[in-house]
Each structure stands twice: as structure tokens, then as C-alpha cells.
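Here is the structure we will look at, set down as C-alpha cells.
The values are calculated or read from the model by the stated rules, or taken from the named source; none is laboratory data. Just so you know, these numbers come straight off a predicted model, no measurement behind them. As a convention, Cβ positions derive from the backbone with ideal geometry for all residues, glycine included, and neighbour counts pool all protein chains shown. For the accessible areas, the whole protein counts, side chains as well, though only heavy atoms, and no ligand, DNA or RNA atoms are used. Shrake-Rupley method; radii C 1.70, N 1.55, O 1.52, S 1.80 Å.
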Amino acid sequence: MATVPPVLVLHVLLAACAAAVDAAAAGSSKVPAIYVFGDSTADVGNNNYLPGSDVPRANFPHNGVDFPTSRPTGRFSNGYNGVDFLAVNMGFKRSPPPFLAVANKTNKQVYRGLLGVNFASAGSGILDTTGSSIIPLSKQVEQFAFVQRNISSRVGNGAAADALLSRSLFLVSTGGNDLFAFFSRNSTPPDADKQRFVANLVALYQNHVKALYVLGARKFAVIDVPPIGCCPYPRSLHPLGACIDVLNELARGFNKGVKAAMHGLSLSFQGLRYSVGSSHAVVQNIMKHPQRLGFKDVTTACCGSGRFNGESGCTPNATLCDNRHEYLFWDLLHPTHATSKLAAAAIYNGSLHFAAPINFRQLVEDDRY
């Protein structure tokens, strides 16, 4: 039997995406809750609540211009991000609320954690040393432990809380900032240094997953790192405007390590199920076949300034494109609403090329708990 090229799979998913999202939005949620961990690819406003001028933020125009309320929310996007679309596919309205939005209110609000919480923080990483004035992944896990204690108190007994969490989805999207930080320290690192750094990063990633497992997580939906060397910012650094190969090599190495690590954990920890969704494969296919997938510009940011609109972020004074749905990139590092919609469709419903060993839909529908 002939293999269907990934671009054709994406094309079919793109055509069906609107109908699938509408159907999911009209239905009931397919998991009790979603708990989200990660960086700016998943942040829906946590950084809005952090003090300091160094905090990466997106709570100003032109961000959010295509959000349902046409206002900035803290998402690094013109509209929804990938986590929002994945949540919609699971029957939710969008991503669960930012942890700091509910934690800063009454305990009754914190109990909304029964439906999920988003802990992601732009600029954060797997390493505590990645980023500054943000919430690293280790702290996000601690914040979930706080929510878990509240859930246990709310539900009334440990067994009921365990049952709820075991059927919930734990979504993790992180790693890119750690790779950028490593590259910024040495743009031409020896192979041995790259391999050692990636191995250490994957080992720490494993530890964070184990900590969540101990707290009751069983279903892990992991998003890998896209070809970050092809974002507008790295391109702006290249003399010829090409992708930065070292960054893409680091991303490939990290993704391979995470896949192997998650497989190993699934063998060692009873009841652990997982899927690794490949934003890397989606972005690669869009860059190879842009017009077939509805895109016209896969190198320049829709919103920004300088070379490739990638030398600074999307600020109120930045240049803004008109045809936002035809751009792969929203700003110097992040995808557009249109890209996120396609990526979520591929990861949720697509083939092994876009999510493995099963897709997110199959993970969500796994009812062995």
C-alpha cells in the first residue's frame, strides 16, 4: 500500500479543521481537565501577573488582534495558541485559565482546577537557570502540587482525586528556550558539548514528568520543539537569511531524546500513557509546501521590525501584516493563529508522522483508567 505524503494528510486536516473545531466546541469535554505546563508556546497569561520589567509579556497590541474579544491576553499570538486549539478539540472552549489568575483570587476560584489550570510561563525552560523573572518548569510542578491538594480537599477523598487526575490530560510544551540559551552562550559548540547538554536536558525533563506522575498524572501529551533555527529571529542573525543549523540540530536531538525518554517511562511506570505531538513535523511541512497549505510567507514575521520582522517583538509600534492567515510566523519566534490551528489538528487527529506512538485523540479516548 502506498504511503500518503504528510503534506496531503495536512491538506486534508486543514480542509476539515473548521468543521472539527466547531463540532468539538459544541460537544462536551472528553477529559475531566487539562493541566498545561511549558513556555510561551503554551502561556495564556501567567506572565501578566509577574512583577518586573524583564518579564516576557504579550499583554499589549497587536497581540490578540484576532482573539474572540480582539484584545491581548498574554498569548504570543494574533489569536489562539496551539494549546487553545488542542483544548477545543477536546471539547473545551479554550485553554484552562492561567494559574496566577485563579490563585490570586479566593480558594473557591482555585477549585476551578477541577477543570484544569494552565501553568505555562513565557521565557521559562526545563532548567531553572533558563530565563529570568519567570516561572521555571520545576516551579510549575510545585504550583500543580498546590492545586492537587485543593482538588483532594474539594473532592473529599484521595481515591476520587486520583481517579479524576488519572483521566485528565497533562500537556507539556517546553525546551526551546533552553536550546536558545545554550546557543547564545556558544553559537558553534563542539558535538560533544551539544550531546552532553541535550542528554542532561532530557534527563531533567524526565524528572519533571516523574514528579507529575507521583502527584497523580497518568496521561501525558507532549509537544516537541519545532525547527527553531528557522524562526524569523534566528534568520535575522544569519548573513544569508537562512536557518541556523545548530539550533535545528539541537531541536532534533532534544526531540529524539524526549521520545525515547517517554517510551522508557511508559515501560517503567504503571499506567503511564503518552503521545508526543510533533510541531517540528508540522512546521517542516508548512515550510516545504506553503501554498498547498494556504500560506504565502514562511520566513517573515507578520508583526515585528527589522530584518524578517525578526529583530524585535510584536509591540504596538511594530509593522503589522494585513493577511495574517497567510503567515507561518506571528512574531520573531511564535506561530500565527492559523499555524496553531493546523498544528493542533495534525497532532490531535493525524498520523504517526505528527504524533506517536498514538495521536492525542487516541490518548484522550484511552479509557483504561
So what is the calculated 222 nm ellipticity per residue for the chain, using -39500 (n - 2.57) for each DSSP H run with n of 4 or more, over all residues, to the nearest 500 deg cm²/dmol? -13500 deg cm²/dmol
Can you tell me the order of 283-290, 228-235 when each peptide is scored by its average per-residue count of other Cβ atoms within 10 angstrom, highest first? 228-235, 283-290
Gyration tensor (Cα only) of the range 243-282 to equivalent ellipsoid, semi-axes in Å sorted down, yields 26, 11, 4
The range 309-369: relative contact order as a whole-number percent, Cα under 8 Å and 6+ apart: 20 percent
Of the range 187-225, those with amide N under 19 Å from the point 7 Å along the Cα→Cβ vector of Leu240 are 188
Which helices, counted as full DSSP H runs in the chain, have an axial Cα extent of no less than 15 Å and a Kyte-Doolittle average of 1.0 or above? 6-26
With Kirkwood's inverse mean 1/r over C-alpha pairs for Rh, give me the Rg to Rh ratio of the range 191-293, two decimals please. 1.06
Straight-line reach from Lys30: which lysines have a Cα under 27 Å away, not including same-chain ones fewer than 8 places off? Lys93, Lys108, Lys210, Lys219, Lys259, Lys341
Modelled label reach - Ala145, point 7 Å along Cα→Cβ, the range 200-216 residues with backbone N closer than 18 Å: 204-216
Treating only the Cβ atoms of Lys and Arg (+1) and Asp and Glu (-1) as charged, compute the dipole magnitude of the range 81-200 about its Cα centre; round to the nearest 20 debye. 520 debye
Partner aspartates and glutamates for Lys288 [C-alpha distance under 17 Å; skip if fewer than 8 residues away on the same chain]: Asp245, Asp297, Glu326
Return, for the Cα atoms of the range 133-218, the radius of gyration and Dmax in Å, separated by a comma. 16.9, 55
When each pair of different Cα atoms in the range 223-369 is counted once in the 1/r mean, what is the Kirkwood radius in angstroms, to one decimal? 16.3 Å
Restricting to DSSP loop positions (anything but H, G, I, E, B) with no more than 10 other Cβ atoms inside 10 Å of their own Cβ, which chymotrypsin sites (Phe, Trp or Tyr not before Pro) remain in the range 220-277? none
The range 60-200 - convex hull of alpha carbons, volume per residue in Å³: 148 Å³
Hey, what does the equivalent ellipsoid look like for the chain, semi-axes from the Cα gyration tensor as sqrt of 5 times each eigenvalue, largest first, whole Å? 29, 22, 22
DSSP beta bridge pairing in the chain, given as percent antiparallel to the nearest 5: 20 percent
Inter-probe distance in nm under a simple model that places probes 7 Å from Cα toward Cβ, at Arg252 and Asn59: 4.0 nm
Determine the share of the chain's accessible area contributed by carbon and sulfur atoms, expressed in whole percent, with a 1.4 angstrom probe. 54 percent
Tell me the accessible surface of Asp191 in square angstrom (1.4 angstrom probe, heavy atoms of protein chains only), to the nearest ten. 90 Å²
When Lys and Arg each count +1 and Asp and Glu each count -1, what net charge do the other residues less than 14 Å away from Gln291, Cβ to Cβ, add up to? +1
If one builds a Gaussian network model of the chain from Cα atoms under 10 Å apart, the most fluctuating residue listed among Pro96, Pro226, Pro316 is Pro316
